[in-house]
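Undergrad: First, the structure itself, so that you have it in front of you.
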Ligand SMILES: Nc1ncnc2c1ncn2[C@@H]1O[C@H](COP(=O)(O)OP(=O)(O)OP(=O)(O)O)[C@@H](O)[C@H]1O
């Protein structure tokens, strides 16, 4: 084999290897100090740019997975690894991560602007230096004209938009969302689902989204990870191969219904896995 051919075949071999995931949980278990095993031997890879939903019954450890990824909680055993780009091997260095919780958790005494500025402020960015980024984040969620308002002047959906702007202001690579729309009425929830998808398509972050809703998980995700409880673990993965952008037409399509049926059946199977407990 000539040198050139050797080089080419090596390159082909190399390029055929899938890039490392953005985040990998490998055999992660979490036992809390009261003895509760929240997760047992949980493994999951999430690729850069994926929109992944974690779907499972209450108590199966969905929030614990997000907390471990964000560093709020430490795994009892197993590994968590990261790759900053397709060319970099896995390491322990996490990228910029933002977390959106079910409650908007805004400071009631601070304006919308000051609430969104908070993550930059705690890392030492002055208000004047933060101005462009705060305004950019508010524009992303459609609240650019509300920066001087206080949280009590806003609807539930608008408060959640502020919470999302506060998460986006740091320009995260990974967005962790823990049932962010669960407390909202259906119309507001559908609108926020659409707005979130538009932003994700435009900016290409990686999103890991916890939900109890089969319908929401199918509408949003590339992939649904089904979890079972006691102990928390992954029982199946469902790829939602429908193309984006997704809209109301998708919500009433045969494809959507078929994915919802599959996800619902997988969720029921996950729940009945514990019927004997
Ligand atoms: N700090 C803690 N101390 C003790 N047990 C905990 C703690 N946090 C969570 N748990 C327990 O770990 C298990 C998994 O909790 P987790 O909140 O991750 O589940 P979940 O799937 O997000 O639940 P839900 O859908 O109800 O929010 C549950 O049994 C829960 O009670």
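Undergrad: Checking the condition within 16 Å of the ligand (Cβ to nearest atom) and either within 22 Å of residue 186 (Cα to Cα) or crowded, with 16+ Cβ neighbours inside 10 Å (or both), which residue from 214, 218, 240 passes?
TA: Working: 218 fails: within 16 Å of the ligand (Cβ to nearest atom); 240 fails: within 16 Å of the ligand (Cβ to nearest atom).
Result of the check over 214, 218, 240: 214.
Undergrad: Ok, one more. For residue 66, state whether it is within 25 Å of residue 201 (Cα to Cα), within 12 Å of the chain's Cα centre (by Cα), assigned to a strand (DSSP E or B) and within 10 Å of the ligand (Cβ to nearest atom).
TA: On the way: within 25 Å of residue 201 (Cα to Cα): yes; within 12 Å of the chain's Cα centre (by Cα): yes; assigned to a strand (DSSP E or B): no; within 10 Å of the ligand (Cβ to nearest atom): yes.
Against the criterion (within 25 Å of residue 201 (Cα to Cα), within 12 Å of the chain's Cα centre (by Cα), assigned to a strand (DSSP E or B) and within 10 Å of the ligand (Cβ to nearest atom)), residue 66 does not qualify.
Undergrad: Sort out which residues of the range 104-119 are assigned to a helix (DSSP H, G or I), over 23 Å from the mean Cα position of the chain (by Cα) and closer than 23 Å to residue 184 by Cα, and write them in order of number.
TA: Initial filter on the range 104-119 (assigned to a helix (DSSP H, G or I)): 112-119.
In the following step, the residues that additionally are over 23 Å from the mean Cα position of the chain (by Cα) were identified as 112-114.
112, 113 - these are the residues of the range 104-119 that are assigned to a helix (DSSP H, G or I), over 23 Å from the mean Cα position of the chain (by Cα) and closer than 23 Å to residue 184 by Cα.
Undergrad: Could you grab me the full set of residues in the range 37-59 that are within 10 Å of the ligand (Cβ to nearest atom), part of a strand (DSSP E or B) and closer than 21 Å to residue 268 by Cα? Explain how you work it out, then say what you get.
TA: As a first pass, look at the range 37-59 and keep what is within 10 Å of the ligand (Cβ to nearest atom): 37-39, 54-59.
Applying the additional criterion that residues be part of a strand (DSSP E or B) yields 37-39, 54-55.
Result: 38, 39, 54, 55.
Undergrad: Then there's this: When you check residue 71 against the structure, is it more than 12 Å from the ligand (Cβ to nearest atom), surrounded by fewer than 20 Cβ atoms within 10 Å (Cβ to Cβ) and under 18 Å from the mean Cα position of the chain (by Cα), yes or no?
TA: So residue 71 fits the description; yes.
Undergrad: Output the residue which, of all residues in the range 85-100 that are buried (at least 17 other Cβ atoms within 10 Å of the Cβ) and assigned to a loop (DSSP other than H, G, I, E, B), is farthest from the ligand (Cβ to nearest atom).
TA: Within the range 85-100, the first condition is being buried (at least 17 other Cβ atoms within 10 Å of the Cβ), and the residues that meet it are 90, 94, 97-100.
If we keep only those that are assigned to a loop (DSSP other than H, G, I, E, B) as well, we get 90, 94.
Working: 90: 24, 94: 19 Å.
The residue in question is 90.
Computed from the coordinates by the stated procedures, all read-outs in this text should not be read as laboratory data. Values in this document were obtained by computation on a predicted structure and should not be read as measured data. FYI the Cβ positions are ideal-geometry reconstructions off the backbone, even for glycines, and counts take in every protein chain you see.
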